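The values are calculated or read from the model by the stated rules, or taken from the named source; none is laboratory data. Here the structure is a predicted model, which means the values were calculated and not measured. Quick reminder, even Gly has a Cβ in these numbers, built from the backbone with ideal geometry, and neighbours come from all protein chains shown. These area figures cover heavy atoms from the full protein model, side chains too; ligands, DNA and RNA do not enter into them. Shrake-Rupley method; radii C 1.70, N 1.55, O 1.52, S 1.80 Å.
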Amino acid sequence: MAITFLISHFTPTALLYFLLLSSSIHALNITTLLSPYPDFSDFTDLISSSISGDLLPRSSLTLLAVPNPFLSTTTALTRRLSPSSRADVLRYHVLLEYLSPAALLLIPPSGKLITTLYQTTGRATNNFGSVNLTRDPSTGVVSIRSPAPFSPSNATVLSLVTNLPYNVSIFSVNSLLVPYGFDLMASETRPPLGLNITKALIDGHNFNVAASMLAASGVVEEFEADEGGAGITLFVPTDTAFSNLPSNVRLQSLAAEKKAVVLKFHVLHSYYPLGSLESIVNPVQPTLATEDMGAGSYTLNISRINGSMAINTGIVQASVTQTVFDQKPVSIFGVSEVLLPREIFGKNPILTPKPGTPFPGSGGAPPPDISPSPESLTGPPSHLSSPPGFREEIRSEAAAAVGGLWSFGMASCCIGLYLMGS
C-alpha cells in the first residue's frame, strides 16, 4: 500500500513574510491601541511615558485603563510620586493573562487571582502584586481588588474598550488601583525621611569616591525622591573597590548617560534591611537601571554564600562588607567591588585582586587583559585567539573523524563484494 505524505513548501519570501507578520502581532503597542479613544488620553500619556517599553515584548495581556474623569481625582497624587514609583502603580494595571469579555463572565464568585506586571518586579510583598477578580452572579459586576485582606484599593470593570483576540484586551475601570502597602497619600500624611545620601556616605568614612560620583552625576536627587513609596536599597562600593579596578576598566571616561546607568545599577527600588536581604526569595533582582533600560537587563543576582551576602553582576562578584545606613525606607550597604554591568563592560569576568596579591595560578604575574573597556566594545576585534590545546584537540578530532570515515568505507565495500558474490 502506498503512503502519500503531504508536504507544504515555504519559499524564502513566504517565510520572511510569515516572520514579519508574527513579530508585528507580538509587538503590542498599547498607546497605539488607546489613541483612538480620547476619554483615555491622560491614562495613555502615563503609560507612554512610564512603561510602554515594558509592554512591547508581551504577547498576551489585559490592561485595566482608567478614563479621564476617574483619573482626574488622583492626578495630583500620581504627580507627586517619583517616576519609578508611578511606573509601579501603572504596572499594577497590567494583567499578565489575556481575558476576553466572555472570560469575565466565567469568573467564579470566589474570585480569580491574576499576576500583574508589578508582581514580576520583585518589589511586591508576598503575592500582593497580584489582583483578585470577582464577579457578582446576581448583577454580573466584576470587581478588582488586592488579595490582601481589608485592602482599601478596589475598582469595578465598566466596559470593554478594545481587544485583539488572544493577545490583548483593554477594559475600562472606575478607579486607579494601588498595590497593597503602596500609599499614594504618603507624601501628604508622612513627613519625608529627608536623608542626605551623599552626607551619609561621607560620614561612613570609606565612600568618598562614590559620594563624589553621585553628587556630580545628579542621580542622587532621583535616589532621594525614591525614598517614598517602596523605598530603596543602595549597594555602595568602598574607596578601595574603586582603587582596585583594573586599568582597562575606565569608569570615569564613560559618557555621562552610561555613568548614570552604572550608578543606578547599584540601587534596588525596594527597601531591604539586612535580614530581608538574607532571606530574599528571588535572587535575580531588577535595579533602577532595569527600569530605565528595559525588563530583563541590568539585574543583580543576590545570594548568601558561606555566611556572607554575595552580589553577582555576571562579570563581578562582590560581598556586603557593612551596613552604612538602615532606617525605613532607605538602606545603604557597603560592598567590596564596583558592580559593573555586563551590558556595558562585556561578558568576560573581571578580576580585581587586592594590591600586592598575585592572581590565582599566575605565579605572581598579572593575567592578560580579559575584559575590554567600554570603548573597545564598539570596534572590531583586533585578533582571534584559541585557548591552549584547542587546535590540538581539533586536529585529533579531525583525524579520528577521517579514520572513522575510512573504516566505514572499507566495511561498505566488503559488504558490497559479499552481496555480489552471493
Q.
Tell me the residue from 198, 162 that is modelled with pLDDT of 90 or more and either surrounded by 13 or more Cβ atoms within 10 Å (Cβ to Cβ) or in contact with a strand residue (DSSP E or B) (Cβ under 9 Å, 6 or more places away or on another chain) (or both), please.
A. 162
Q: Scan (1) open to solvent by 40 Å² or more (accessible area, probe 1.4 Å); (2) assigned to a loop (DSSP other than H, G, I, E, B); (3) at pLDDT below 85 for the single condition residue 296 breaks and write down its number.
A: (3)
Q.
Would you confirm, using the coordinates I've provided, whether residue 238 is buried (at least 20 other Cβ atoms within 10 Å of the Cβ), polar (S, T, N, Q) and over 29 Å from residue 90 (Cβ atoms)?
A. yes
(Q) The conditions are (1) assigned to a helix (DSSP H, G or I); (2) loosely packed, with under 15 Cβ neighbours inside 10 Å, and residue 224 fails exactly one of them. Which is it? (A) (2)
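Taking the stated definitions as given, is residue 87 assigned to a helix (DSSP H, G or I), within 16 Å of the chain's Cα centre (by Cα) and modelled with pLDDT of 85 or more?
In short, yes.
Could you tell me how many of the residues in region 241-293 are aromatic (Phe, Trp, Tyr), in a helix (DSSP H, G or I) and either in contact with a Pro (Cβ under 8 Å, 6 or more places away or on another chain) or free of Cβ contacts under 8 Å to residues at least 60 places away in the same chain (or both)?
Applying the first criterion (aromatic (Phe, Trp, Tyr)) to region 241-293 yields 242, 265, 271-272.
Checking the rest, the ones that are also in a helix (DSSP H, G or I) come to 242.
So of that shortlist, the ones also either in contact with a Pro (Cβ under 8 Å, 6 or more places away or on another chain) or free of Cβ contacts under 8 Å to residues at least 60 places away in the same chain (or both) come out as none.
So the answer is 0.
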Q: Tell me, yes or no, whether region 256-274 has at least one residue that is within 20 Å of the chain's Cα centre (by Cα) and loosely packed, with under 14 Cβ neighbours inside 10 Å.
A: yes
Q: Name the single residue, out of those in region 299-326 being in contact (Cβ under 8 Å) with a residue 12 or more places away in the chain and assigned to a loop (DSSP other than H, G, I, E, B), that is most open to solvent (accessible area, probe 1.4 Å).
A: 314
